[in-house]
Amino acid sequence: MARGRLEVGVAVGGMPILLRTSDAAFYELLIQRYQDFLSSFVQPEFEFDIELTDTPEADPDADVCVSRAGEDWQFRRGDFFAQWNPESGRGTVRQSANPYAIDSVLRIVHTLLLAREGGFLLHAASAVRDGEAHIFTGRSGAGKTTLSRLAPSDVSLLSDEVSYVRKSSQGYIAYGTPFAGELAKAGENISAPISAVYSLVQGPENRLEPMDGAEAVRTMMRNILFFAKDEATVQSVFKSACAFAAEIPMYRMIFTRSSEAWGMIGATRQIEIMA
């Protein structure tokens, strides 16, 4: 560790990250924010040196911009500018002193890393029940946070906002993330094989409707988080979405925004048997 630099090890999705800062107050903020995902490791997957600044990097209302600059990736928003080399794994972040900036940088980096191996981040809630992960996606206001809030005691919440999907030799695995949504609560630092994906639709009753392949792919592409304007990487993400939709069952989940909706979770196996 360089003199005067404080290091925080964070592991999300099984990928170790090393964050460095010389600001003691910001270091404590990072420890608090990622407390359930702290880790010690010999060799991180990637690392960032964080420099705090009060000077805005761009229009504070501008959307995030992700682009290539030679061998490096550059990420820019009003509250941060980051540069990262995927080969060396090293990068720098210049940002304001708030945790939301580094959260965004980490999300972007994970989307790029996952794209190389068939995984992705999904705008979705996810939870583990009976050793299997269930993912709940849909437009804003569809009920992801409501369903998360109504989860029974035997359910472990992975995220109410950003679901982490990674492909392995055993299939697709969902991981808990520290990226909180409206619940303002990090997910549990656990993982489980994915059983199904549910696209939430509010309705007068609780029922499940299997999706066909085309609808499943469209649903995935609407909700995968991706920021880079890079044709090759976009094509990789599209192929990942198609492969995932071909392997994992997907359903429209019509529900009444009540805890009774959780009674349908696990009913997908009966649907598969009847199909």
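How many residues, within the range 8-56, are surrounded by fewer than 20 Cβ atoms within 10 Å (Cβ to Cβ), small (Gly, Ala, Ser) and within 26 Å of residue 117 (Cβ to Cβ)?
Qualifying residue count, the range 8-56: 5.
Contact list please: Cβ distance under 7 Å, first residue in the range 6-27 and in a helix (DSSP H, G or I), second residue hydroxyl-bearing (Ser, Thr, Tyr), pairs at least six apart or on different chains.
Pairs found: 27/21.
For residues that are crowded, with 18+ Cβ neighbours inside 10 Å and over 13 Å from residue 177 (Cβ atoms), tally how many sit in the range 130-141. It would help to see each step written out before you state the result.
Narrowing the range 130-141 to residues crowded, with 18+ Cβ neighbours inside 10 Å: 133-138.
Narrowing the set further to residues that are over 13 Å from residue 177 (Cβ atoms) leaves 134, 136-138.
Matching residues across the range 130-141 total 4.
Restricting to the range 127-162, name every residue that is closer than 17 Å to residue 247 by Cβ and in contact with a helix residue (DSSP H, G or I) (Cβ under 9 Å, 6 or more places away or on another chain). Quick ask: steps written out before the conclusion?
First, the residues of the range 127-162 that are closer than 17 Å to residue 247 by Cβ: 132-135, 137.
Selection gives 134, 137.
Any chance you could count how many residues in the range 189-211 are at pLDDT below 95 and part of a loop (DSSP other than H, G, I, E, B)?
Adding up the residues that qualify gives 4.
Would you mind finding the one in 252, 257 that is part of a loop (DSSP other than H, G, I, E, B) and either touching a residue at least 40 places away in the same chain (Cβ under 8 Å) or open to solvent by less than 60 Å² (accessible area, probe 1.4 Å) (or both)? Spell out how you get there, then give the answer.
Numbers: 252 fails: part of a loop (DSSP other than H, G, I, E, B).
The conditions single out 257.
Could you tell me which residue of the range 88-129 is surrounded by the most Cβ atoms within 10 Å (Cβ to Cβ), considering only residues that are more than 22 Å from residue 219 (Cβ to Cβ) and touching a Ser or Thr at 6+ places or on another chain (Cβ under 9 Å)?
Just the residues of the range 88-129 that are more than 22 Å from residue 219 (Cβ to Cβ), to begin with: 88-106, 108-109, 112-113, 116.
Retained after the next criterion (residues that are touching a Ser or Thr at 6+ places or on another chain (Cβ under 9 Å)): 94-97, 112, 116.
Numbers: 94: 18, 95: 23, 96: 16, 97: 15, 112: 20, 116: 11.
So, considering only residues that are more than 22 Å from residue 219 (Cβ to Cβ) and touching a Ser or Thr at 6+ places or on another chain (Cβ under 9 Å), the one surrounded by the most Cβ atoms within 10 Å (Cβ to Cβ) is 95.
Scan (1) open to solvent by less than 40 Å² (accessible area, probe 1.4 Å); (2) touching a Cys at 6+ places or on another chain (Cβ under 6 Å); (3) not aliphatic (A, V, I, L, M) for the single condition residue 72 breaks and write down its number.
(2)
Residue 19 passes all but one of (1) within 18 Å of the chain's Cα centre (by Cα); (2) modelled with pLDDT of 95 or more; which number fails?
Condition (1) is where residue 19 drops out.
Return the residues of the range 163-180 that are within 18 Å of residue 245 (Cβ to Cβ) and buried (at least 24 other Cβ atoms within 10 Å of the Cβ); say none if nothing qualifies. Break it down into steps so the answer makes sense when it comes.
Kept after step one, since they are within 18 Å of residue 245 (Cβ to Cβ), are these residues of the range 163-180: 163-168, 171-174.
Those that are within 18 Å of residue 245 (Cβ to Cβ) and buried (at least 24 other Cβ atoms within 10 Å of the Cβ): 163, 164, 165, 174.
The values are calculated or read from the model by the stated rules, or taken from the named source; none is laboratory data. The shown structure was predicted, so the numbers you read here are calculated from the model rather than taken from an experiment. Here Cβ is always computed from backbone atoms with ideal geometry, including for glycine, and neighbour counts include all displayed protein chains. For accessibility, only protein heavy atoms count, side chains too; no ligands or nucleic acids. Shrake-Rupley method; radii C 1.70, N 1.55, O 1.52, S 1.80 Å.
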